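Right, one structure below, let's go through it.
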Amino acid sequence: MSADCMAKSARFEKIIPAPPPKHKLVFDRETGLTWPVEFSAKGLDDEQTERYIADLNARKHGGFDDWRVPTRVELLTIVDDTRHSPAIDADAFPGTPSAWFRTATPYAADPKTYAWIVHFGSGHSSGGRRVSGYRVRAVRGPSRQSSASLRSGA
């Protein structure tokens with residue numbers, strides 16, 4: 001990231017490509033995770049999500065090829081409980097719709113059919129069918145399954 005210009009806020013660093021028209025990536029200082037500002041233009045099912053992530057990695061989005069679908073815990077870390085529609089820092093993540101986004105976390109009641117999804121209108125999460133279309137925002141960094149691992153930096 002040293003070659004990139006960074007715009008800093010209290011929590012998020014906006015990583016700006018040269019020349020800096022706008023930022024492509026956001027580094028979360030609290031979790032150590034990096035998020036693209038970009039997200040899928042439409043809802044994707046599981047198979048389409050795999051292709052979307054493979055495409056991000058093939059084109060080395062932001063200079064990286066280790067993008068993945070976030071866990072439920074990870075995606076919830078960028079929900080901003082003080083905002084609504086969308087429930088996210090719109091300066092760091094412009095254009096985020098008040099829509100459902102998928103996670104890589106299986107829904108325990110029926111893990112083969114459902115996975116956790118997060119709604120950026122209200123900030124809540126629920127189980128969603130894997131064959132249904134939900135938006136995707138990728139992440140990179142160490143996979144974290146629990147909020148304790150995010151706080152400890154493990």
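Every number here is computed from the coordinates shown, using simple stated rules; none is lab data. Keep in mind the model is a prediction, meaning the values are calculated, not measured. Note that each Cβ is placed from the backbone with ideal geometry, even for glycine, and that neighbours are counted across all protein chains shown.
Database remark: amide H of Asp89 closer than 5 angstrom to the amide H of Asp80 (H placed geometrically; neighbours at sequence offset of 5 or more, or on other chains; Pro and chain starts carry no H).
Using helices alone, I'd like the mean residue ellipticity at 222 nm for the chain: each DSSP H run of four-plus residues gives -39500 (n - 2.57), total over residue count, nearest 500.
On the way: 3 runs with 24 residues, N = 154.
Helix-only estimate at 222 nm: -4000 deg cm²/dmol.
Note on region 39-107 and region 117-132: Cα centroid distance 12 Å, given to the nearest whole angstrom. Between Asp81, Asp55, Asp110, where does the largest GNM mean-square fluctuation fall for the chain, given springs only between Cα atoms within less than 10 Å? Looking only at Asp81, Asp55, Asp110, the biggest GNM fluctuation is shown by Asp110. In the elastic network of the chain, a GNM with C-alpha springs shorter than 10 Å, the most mobile of Ala87, Ala58, Ala104 is Ala58. A simple spin-label model places the labels of Ala109 and Ser132 1.1 nm from each other, with each point 7 Å out along Cα-to-Cβ. Taking amide H positions as modeled 1.01 Å from N, with prolines and chain starts lacking one, the residues under 5 Å from Val37 and 5 or more places away or on another chain are Leu25, Val26.
Evaluating 6.51 cos²θ - 1.76 cosθ + 1.60 at θ = phi - 60° for every residue in region 106-122, the Karplus couplings come out as x, 7, 4, 5, 7, x, 7, 9, 10, 9, 5, 10, 10, 9, 8, x, 10 Hz, glycine and proline recorded as x.
Any idea what the dipole of the chain comes to, in debye rounded to 20, about its Cα centre with Lys/Arg Cβ at +1 and Asp/Glu Cβ at -1?
Details: 22 positive and 18 negative charges, 7 e Å.
The calculation lands at about 40 debye.
Gain in length, Asn57 to Ala10, computed as 0.36 nm per residue apart minus the alpha-carbon separation, to one decimal in nm? Mind showing how you got there, number by number?
On the way: separation 47, 0.36 × 47 = 16.92 nm, distance 2.88 nm.
Answer, rounded to one decimal: 14.0 nm.
Contact order, relative form, for region 29-154: 36 percent (alpha carbon pairs under 8 Å, 6 or more residues apart, mean separation divided by residue count). For region 59-75, 3J(HN,Hα) computed residue by residue from phi via the Karplus equation (6.51, -1.76, 1.60; θ = phi - 60°) reads 8, 6, 3, x, x, 10, 10, 10, 6, 8, 7, x, 6, 4, 4, 5, 5 Hz, glycine and proline entered as x. Between Ser132, Ser143, Ser98, find the one with the highest GNM mean-square fluctuation for the chain; connect C-alpha pairs within less than 10 Å. Evaluated over the chain, the most mobile residue of the options is Ser132. Only one item in (1) 61, 13, 12; (2) 28, 21, 16; (3) 24, 17, 15 matches semi-axes √(5λ) of the Cα gyration tensor in Å derived from the coordinates shown, and that item is (3). For region 68-125, the relative contact order works out to 38 percent when only alpha carbon pairs closer than 8 Å and six or more residues apart are counted. The H on the amide N of Leu44, modeled in the peptide plane, is under 5 Å from the matching H of Tyr134, Arg135, each at least 5 residues off or on a different chain.
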